[in-house]
Amino acid sequence: MGQRPPLLINRLDAERLQRLIDAASEEDQAVAEMLGNELSRGVVVDPNEIPDNVVSMNSQVQFTDLTRQKQMIRTLVYPHALTSVEDALSVMAPIGASLLGLKVGDAIDWPLPNNGNTLLRIDAILWQPEREKQYHR
């Protein structure tokens, strides 16, 4: 695997994500394992210590798939919120798992299920719960 920028993760997100990983179905096991690896290499901090340029859960993120030259805006959500958020991207989807903890300007080389890879770059965080002091979303 290629580039792996440092990660900063909200403690509440890390706790919720660990429960999600532990309960992952066989179908979600590969993504759960990648997400677990990302959590274990991340620096976990209290929610009020998350800078406003870091992707946390429920952040609306503008990012570019540099492999396909495609810019997207998605909100990183837990799987149960997929149907209630218009531009939702599940943290249990390969691309969703890759975004967590990155900061604006970071790029990450990430494996895809079809044995491919993609290079993603964080362009902007349009909305972030910690910036709005919404620590329990």
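The values are calculated or read from the model by the stated rules, or taken from the named source; none is laboratory data. Because the structure is predicted, anything quoted here is derived from the model rather than measured. Positions of Cβ are backbone-derived with ideal geometry, glycine not excepted, and every protein chain shown enters the neighbour counts.
Brief remarks on what is shown
- In the stretch 117-132, the residue that is nearest to Val55 (Cα to Cα) out of those that are assigned to a loop (DSSP other than H, G, I, E, B) and in contact (Cβ under 8 Å) with a residue 60 or more places away in the chain is Gln128.
- Residue within the stretch 73-84 that is of a type in the set (Gly, Ala, Ser), without any contact (Cβ under 8 Å) to a residue 40 or more places away in the chain and over 22 Å from Gln18 (Cα atoms) present: yes
- Set Arg4, Arg68: member being charged (D, E, K, R) and modelled with pLDDT of 90 or more: Arg68
- Residue in the stretch 90-98 that is touching a helix residue (DSSP H, G or I) at 6+ places or on another chain (Cβ under 7 Å), part of a strand (DSSP E or B) and within 15 Å of Gln62 (Cβ to Cβ) present: no
- One residue from Val61, Val85 being in a loop (DSSP other than H, G, I, E, B) and either β-branched (Val, Ile, Thr) or touching a Ser or Thr at 6+ places or on another chain (Cβ under 9 Å) (or both): Val85
- Residue within the stretch 50-70 that is within 14 Å of the chain's Cα centre (by Cα), surrounded by fewer than 16 Cβ atoms within 10 Å (Cβ to Cβ), over 19 Å from Gly105 (Cβ atoms) and not aromatic (Phe, Trp, Tyr) present: no
- Residue within the stretch 47-70 that is under 18 Å from Leu120 (Cα atoms) and of a type in the set (Phe, Trp, Tyr) present: yes
- Residue in the stretch 112-128 that is in contact with a Phe, Trp or Tyr (Cβ under 6 Å, 6 or more places away or on another chain), at pLDDT below 95 and of a type in the set (Gly, Ala, Ser) present: no
- For the stretch 73-82, residues that are part of a strand (DSSP E or B) and exposed (fewer than 15 other Cβ atoms within 10 Å of the Cβ) total 1.
- Residues of the stretch 99-116 satisfying the condition of being touching a residue at least 60 places away in the same chain (Cβ under 8 Å), within 23 Å of Glu130 (Cβ to Cβ) and not in a strand (DSSP E or B): Leu100, Gly101, Leu102, Asp106
- Each residue in the stretch 16-44 was checked for being without any contact (Cβ under 8 Å) to a residue 12 or more places away in the chain, within 16 Å of His80 (Cβ to Cβ) and either outside any helix (DSSP H, G or I) or under 14 Å from the mean Cα position of the chain (by Cα) (or both), and 2 of them qualify.
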